[in-house]
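Report on one structure; see the data block that follows.
The values are calculated or read from the model by the stated rules, or taken from the named source; none is laboratory data. Nothing here was measured: the structure is a model prediction, and the numbers come from that model. Cβ placement follows ideal geometry from the backbone for every residue including glycine, while neighbour counts extend to all protein chains displayed.
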Amino acid sequence: MPSGLCSGEEGKNKFLVKFFYMSAWVYVGLFLIVGLIIPIGAIGVAWILGPKKPNPIKQTTYECGIETVGDSWVQFKAQYYIFALVFLIFDVETVFLFPWAVKLGSLGMFAVIEGIIFILILIAGLVYTWRKGMLEWV
């Protein structure tokens with residue numbers, strides 16, 4: 001037993017250390033609980049207070065203030081979604097490449113080779129989507 005600590009003080013210190021670590025997890029638990037209660041509560045309040053009297057005017061399809069002509073449920077080409085996803089993938093790459101490019105002069109050879117491999121993988125993905133015809137708008 002260390003000098004200056006009696007058995008009661010040692011037990012108290014262990015309790016404080018355990019309490020300190022547990023209190024960190026208490027904050028995480030509270031964050032998760034509040035993070036679930038707020039959206040569920042907002043949806044519940046909107047459901048309780050929201051109007052529930054449907055009528056023909058509320059049930060009409062509204063698109064930019066113009067009355068729809070014909071069937072409003074048309075099949076949409078999935079290619080537009082794929083084009084948007086490809087754009088997002090190549091747009092997010094800049095988030096990873098920008099810090100690398102800023103520090104390029106101070107990076108070692110290993111980091112430069114990793115960056116080049118990353119760019120080559122992205123180019124391979126671009127060539128693949130181009131050959132599949134996914135970059136064609138119409």
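List the pairs whose first member sits in region 116-138 and is at negative phi, whose second member is part of a loop (DSSP other than H, G, I, E, B), and whose Cβ atoms are under 7 Å apart, counting only residues at least 6 apart or on separate chains?
THR129/LEU135
Listed here are the residues, each with its yes/no results for (1) charged (D, E, K, R); (2) at pLDDT 80 or above; (3) not assigned by TED's automatic domain parsing to the domain that holds LEU126.
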residue: ALA46; (1), (2), (3): no, yes, yes
residue: LYS52; (1), (2), (3): yes, yes, yes
residue: GLY65; (1), (2), (3): no, no, yes
residue: PHE87; (1), (2), (3): no, yes, no
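Restricting to region 74-103, name every residue that is among the aromatic types (Phe, Trp, Tyr) and either more than 13 Å from LEU135 (Cα to Cα) or surrounded by 12 or more Cβ atoms within 10 Å (Cβ to Cβ) (or both).
Of everything in region 74-103, those that are among the aromatic types (Phe, Trp, Tyr) and either more than 13 Å from LEU135 (Cα to Cα) or surrounded by 12 or more Cβ atoms within 10 Å (Cβ to Cβ) (or both) turn out to be PHE76, PHE83, PHE90, PHE96, PHE98, TRP100.
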